[in-house]
1. With respect to residue 53, is the statement that it is on the phi > 0 side of the Ramachandran plot and more than 18 Å from the chain's Cα centre (by Cα) true?
2. Select from region 269-288 the residues that are more than 16 Å from the chain's Cα centre (by Cα) and either within 16 Å of ligand 2 (Cβ to nearest atom) or more than 14 Å from residue 190 (Cβ to Cβ) (or both) and list them in ascending order.
3. Within region 246-268, track down each residue that is assigned to a helix (DSSP H, G or I), among the charged types (D, E, K, R), more than 16 Å from ligand 2 (Cβ to nearest atom) and surrounded by fewer than 13 Cβ atoms within 10 Å (Cβ to Cβ).
4. Please pick out the residue among 230, 197 that is in contact with a helix residue (DSSP H, G or I) (Cβ under 8 Å, 6 or more places away or on another chain) and under 23 Å from residue 165 (Cα atoms).
5. Listed residues 140, 149; which is of a type in the set (S, T, N, Q) and over 30 Å from residue 277 (Cα atoms)?
6. Based on this model, can you work out whether residue 213 counts as among the acidic types (Asp, Glu), within 20 Å of residue 294 (Cβ to Cβ) and out of contact with any Phe, Trp or Tyr (no Cβ under 7 Å at 6 or more places or on another chain)?
7. Mind listing whichever residues of region 1-34 are within 16 Å of ligand 2 (Cβ to nearest atom) and among the small types (Gly, Ala, Ser)?
8. When only residues in region 8-40 that are among the small types (Gly, Ala, Ser) and either modelled with pLDDT under 95 or surrounded by 24 or more Cβ atoms within 10 Å (Cβ to Cβ) (or both) count, which is farthest from residue 206 (Cα to Cα)?
Amino acid sequence: MDRYLDVRVEVAAALATGRPVVALESTVFVHGLPDPVNLQAASAMEDAVRAEGAVPATIGLLDGRAVIGLTGEEIAELARASDSVKVSVRDIPTVITARRMGATTVAATAALAARSSIRVMATGGIGGVHRGGETTFDVSADLNELARSAVAVVCAGAKSVLDLPRTLEVLETLGVPVVGFRTDEFPAFYTAASGLPLEHRIDNPSEVAAMLEVQSALGRPEGLVVAQAPPPAAAIPKAELDVWVERVLDEAEHEGISGKAATPFLLGRLAILSGGRTLDTNVDLLVANAALAARIALALSAS
Ligand code: PSU
Ligand code: MN
């Protein structure tokens, strides 16, 4: 047994026999979505991974260890506890040492997945450069971690509350490939349209698997961003979304919300302003991303 890493039996067995595994982050369930939508999303994502024939591994910190493959009850416990920490990579050692409960962001999830030899994960949207980031330096550690964790992150791009052009620039600087899955445009999370073209498009999960193999064969440390648009039935038209986004950004500025509290605040306010519509979209795209991640993991284990 590893002192600080607890890879649960089902996940360990799948990894040992080369069967497909998909890592899932837990911050989205604990700090990104309200009760009860959060737990519905957690189990719907795990179900989607299983339906494709892969094993889900939701990651979080419990009892002084990083757990790879939280149970539904443990996810619920993390979400219920008011003192669960939002854990990015730099918080891993403090939260483990203090034996606190922690939900992992994309960055921390990717780091722990790579450490456990899991090569694919799913999320809603990656963190990125916040608007005004050129002066505040608020750039999510997700971007930097993707430059050193060899994991494919399936997402619906990054949230429209972020500075998407600068987010793409930073990913380019860091050497992280960004490919559109069946899209030529970087999606903007709740909406398919960002107006930002992507240079590379792929139409088949096996092409993502092949890209990961190339990176691995050439000894590259980076991961890969696989961006797919939210399901058309769930997507919110950009014009409608933009109005809410401007408002929540104003509110955050007025209330002085910044740093790691920014993302949870903005998402929570968007949900209220939109009368819950962003929540429906969020869950639907999470499930779609989980399913695609599983198909990529399947292609990897077959290759
Ligand atoms: N996108 C969402 N919901 C979320 C997040 C992103 O739709 O909850 C979370 C992810 O865990 C992501 C984190 O890694 O926010 C980024 O936070 P920050 O900007 O503080 O790095
Ligand atoms: Mn930040």
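1. Numbers: on the phi > 0 side of the Ramachandran plot: yes; more than 18 Å from the chain's Cα centre (by Cα): yes.
Yes: the conditions hold for residue 53.
2. Quick first cut of region 269-288, residues more than 16 Å from the chain's Cα centre (by Cα) only: 269-278, 280.
Within region 269-288, 272 is the sole residue that qualifies.
3. Step one: filter region 246-268 for residues assigned to a helix (DSSP H, G or I), giving 246-254, 259-268.
Next, only the ones that are among the charged types (D, E, K, R) stay: 246-247, 250-251, 253, 260.
Add one more test, that the residue is more than 16 Å from ligand 2 (Cβ to nearest atom), and what stays is 246-247, 250-251.
Hits for region 246-268 are 246, 250.
4. Working: 197 fails: in contact with a helix residue (DSSP H, G or I) (Cβ under 8 Å, 6 or more places away or on another chain).
One residue alone meets the criteria, 230.
5. Details: 140 fails: over 30 Å from residue 277 (Cα atoms).
When all the criteria are applied, what remains is 149.
6. Working: among the acidic types (Asp, Glu): yes; within 20 Å of residue 294 (Cβ to Cβ): yes; out of contact with any Phe, Trp or Tyr (no Cβ under 7 Å at 6 or more places or on another chain): yes.
Spelling it out, residue 213 is indeed among the acidic types (Asp, Glu), within 20 Å of residue 294 (Cβ to Cβ) and out of contact with any Phe, Trp or Tyr (no Cβ under 7 Å at 6 or more places or on another chain).
7. Taking region 1-34 first, the residues within 16 Å of ligand 2 (Cβ to nearest atom) are 25, 27-28, 31-32.
32 - this is the single residue of region 1-34 that is within 16 Å of ligand 2 (Cβ to nearest atom) and among the small types (Gly, Ala, Ser).
8. Of the residues in region 8-40, the ones among the small types (Gly, Ala, Ser) are 12-14, 16, 18, 23, 26, 32.
Adding the requirement that they be either modelled with pLDDT under 95 or surrounded by 24 or more Cβ atoms within 10 Å (Cβ to Cβ) (or both) leaves 23, 26, 32.
Values: 23: 18, 26: 26, 32: 30 Å.
Step by step, filter region 8-40, then rank; the result is 32.
The values are calculated or read from the model by the stated rules, or taken from the named source; none is laboratory data. The structure presented is a predicted model; accordingly, all values stated were derived computationally and were not measured. Counting neighbours? That spans all protein chains shown, and the Cβs are built from the backbone with ideal geometry, glycine included.
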